[in-house]
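Novice: Before I ask anything, let me first share the structure, which is written out below as structure tokens.
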Amino acid sequence: MPIQDALDGMCRYFGGDYDPVTRTYRSSPVTGVGVVRRAWPADPRQEDYFLGMDPGARTGSVIVIWIPRQHEYRRAIGGEHSGVKQIVYDTLLNVYLRSRTAYAEDAQDDAYALRDALVAHMRKDRTLGESVFQAGEHVSESGGDGIDFEYSQPSTKAGLTKGFFTMRFAAVEFTEA
């Protein structure tokens, strides 16, 4: 499977249908996600953070899914000349948050709630909508070790709190050797 197909499939799983006009995935099944992208936008749109949410939603997000590293190796099955190649995509969900809450603590709670929602959605289907063989599982040979998170410190200015966190996991695919 080409890397573009794996990336598109993961974007569809977390972001919903693809809109070719905006180059985004705009109907996320995950509460709190406005838009999912497969690259950083040249001109980010603030309304994307709250797309499809109730007008009173206090926190929204845009996710950029990125595969910064890929590792491939042979899995011998049935002798030295047969087998499959295992491809491991080091996958990052870069989650950008915007919150209109009165308190930064509430925005941080919303970030943790979104983290929980993303993990719950991922646990529903380890193939991420059949985009890969499995994702978020322990893969010792290539460094994938479940699902990891790293958070930034939120900042508040002019009544808007901005935050960021990264969700990292290995997505595995197999192909004929």
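The values are calculated or read from the model by the stated rules, or taken from the named source; none is laboratory data. Because the structure is a prediction, the values reported are computed rather than measured. So basically every Cβ, Gly included, is an ideal-geometry build from the backbone, and we count neighbours across all protein chains shown.
Novice: Test of understanding: among 38, 23, 75, 69, which residue is over 30 Å from residue 102 (Cβ atoms) and touching a Gly at 6+ places or on another chain (Cβ under 6 Å)?
Specialist: On inspection, the qualifying residue turns out to be 75.
Novice: I need the full set of residues from segment 131-154 which are at pLDDT 90 or above and among the hydroxyl-bearing types (Ser, Thr, Tyr), in order please.
Specialist: Across segment 131-154, the qualifying residues are 131, 151, 152.
Novice: Yes or no: residue 31 in contact with a helix residue (DSSP H, G or I) (Cβ under 6 Å, 6 or more places away or on another chain) and either free of Cβ contacts under 8 Å to residues at least 40 places away in the same chain or surrounded by fewer than 16 Cβ atoms within 10 Å (Cβ to Cβ) (or both)? Steps first, please.
Specialist: Numbers: in contact with a helix residue (DSSP H, G or I) (Cβ under 6 Å, 6 or more places away or on another chain): yes; either free of Cβ contacts under 8 Å to residues at least 40 places away in the same chain or surrounded by fewer than 16 Cβ atoms within 10 Å (Cβ to Cβ) (or both): yes.
It is true that residue 31 is in contact with a helix residue (DSSP H, G or I) (Cβ under 6 Å, 6 or more places away or on another chain) and either free of Cβ contacts under 8 Å to residues at least 40 places away in the same chain or surrounded by fewer than 16 Cβ atoms within 10 Å (Cβ to Cβ) (or both).
Novice: Looking only at segment 7-28, how many residues end up being without any contact (Cβ under 8 Å) to a residue 40 or more places away in the chain and farther than 20 Å from residue 163 by Cα?
Specialist: So the count comes out to 12.
Novice: All but one of (1) within 18 Å of the chain's Cα centre (by Cα); (2) closer than 24 Å to residue 132 by Cβ hold for residue 41; state the number of the condition that does not hold.
Specialist: Among (1) within 18 Å of the chain's Cα centre (by Cα); (2) closer than 24 Å to residue 132 by Cβ, residue 41 violates only (2).
Novice: Restricting attention to segment 102-115, which residues are in a helix (DSSP H, G or I), without any contact (Cβ under 8 Å) to a residue 40 or more places away in the chain and either within 22 Å of residue 55 (Cβ to Cβ) or under 13 Å from the mean Cα position of the chain (by Cα) (or both)?
Specialist: Within segment 102-115, 109 is the sole residue that qualifies.
Novice: Here is a follow-up. Evaluate the following for residue 105: is it surrounded by fewer than 13 Cβ atoms within 10 Å (Cβ to Cβ) and either over 28 Å from residue 2 (Cα atoms) or modelled with pLDDT of 95 or more (or both)?
Specialist: Spelling it out, residue 105 is indeed surrounded by fewer than 13 Cβ atoms within 10 Å (Cβ to Cβ) and either over 28 Å from residue 2 (Cα atoms) or modelled with pLDDT of 95 or more (or both).
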